[in-house]
Structures are given as structure tokens and as C-alpha cells.
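K.L.:
So that we are looking at the same thing, I have put the structure below in C-alpha cells.
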Amino acid sequence: MIRGVVTQFKARVPVQVRGSEGQRLTIQAAVDTGFNGMLALPAEVIASLGLPWESEGSGVLADGRISYFDIYTATVLWHGRIRTITVSGLDMYPSIRMGLLDGDD
């Protein structure tokens with residue numbers, strides 16, 4: 001079960017993200033059901049964790065514009081298990097996406 005809070009009209013859940021050198025950071029991530037990636041983090045969090053760059057990505061925004069961003073690799077503690085996931089580098093609040101929630105009970 002995922003436990004979180006609702007603040008500023010956003011459902012937020014804690015996610016522990018692990019960096020390339022073993023550093024750990026627990027973030028309060030908003031639940032974003034409008035995107036099928038796994039996790040989105042702002043550049044300063046990605047840099048502080050030293051996440052390795054994987055590739056470039058793109059997505060269609062609600063207004064129809066295409067957004068381009070970098071994709072990184074991270075590990076997270078999710079439901080008590082370590083998972084390797086992709087992270088979208090987006091200059092916005094941290095958010096978990098449907099790709100991470102898919103298959104959760």
C-alpha cells in the first residue's frame with residue numbers, strides 16, 4: 001500500500017531515490033496520471049544524485065506542444081523492493097508517473 005498526503009491539490013507520496021554513488025534522497029512526489037513515464041525530477045535533484053544520462057525523450061503536452069527532455073537511470077525503493085527505473089529530467093516538481101504505478105495493487 002502506498003501512503004501519502006494531499007497538499008496544494010496534489011496527491012504526494014514519498015519515494016526514496018538512490019544515486020550513482022549510493023546516496024539516498026527521499027522526495028515527496030506528486031502523482032501524475034497524465035504521463036506514462038516512471039519518475040520526473042528537476043535538474044538540481046538529478047545533479048545532486050549524479051544520475052547517469054541514458055538518452056533523450058519527448059512527450060506531447062496537454063496543449064499539443066512537444067516537449068524534449070533528457071532521460072536518466074536511477075534506482076528507487078518501491079513497495080519495499082529496489083527497482084531500476086528511468087527518470088525524465090523536467091524542470092517541475094518531482095512526480096511519479098503511470099509507468100511506475102502500472103501493476104500496483
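K.L.:
Taking loop as defined by DSSP and a crowding limit of 15 other beta carbons within 10 Å, which GluC sites (Glu not before Pro) in the stretch 1-96 fit?
P.N.:
Filter output for the stretch 1-96: E21.
K.L.:
Using helices alone, I'd like the mean residue ellipticity at 222 nm for the chain: each DSSP H run of four-plus residues gives -39500 (n - 2.57), total over residue count, nearest 500.
P.N.:
-2000 deg cm²/dmol, from helical runs alone.
K.L.:
What does the convex hull of the alpha-carbon atoms of the chain project to on average, in nm²?
P.N.:
6.7
K.L.:
Of the trypsin sites (Lys or Arg not before Pro) in the stretch 46-102, which ones lie in a loop per DSSP and count no more than 16 other C-beta atoms within 10 Å?
P.N.:
Here the sparse-neighbourhood loop sites are R65.
K.L.:
Compare I71, I46, I27 in a GNM of the chain, Cα atoms joined below 10 Å, and give the one with the largest fluctuation.
P.N.:
Per the Cα network of the chain with a 10 Å cutoff, I27 tops the list.
K.L.:
Between A74, A62, A30, which gets the highest mean-square fluctuation from a Gaussian network model of the chain, Cα cutoff 10 Å?
P.N.:
So, out of A74, A62, A30, the one fluctuating most is A62.
K.L.:
Which of D63, D32, D91 ends up with the largest GNM mean-square fluctuation for the chain, with Cα atoms connected below 10 Å?
P.N.:
Highest fluctuation among the options: D63.
A short reminder: the numbers here are calculations on the coordinates, not readings from a lab. Given the structure is predicted, the values throughout are model-derived calculations rather than measurements. Reconstructed Cβ throughout: ideal geometry from the backbone, glycine too, with neighbour counts over all protein chains shown.
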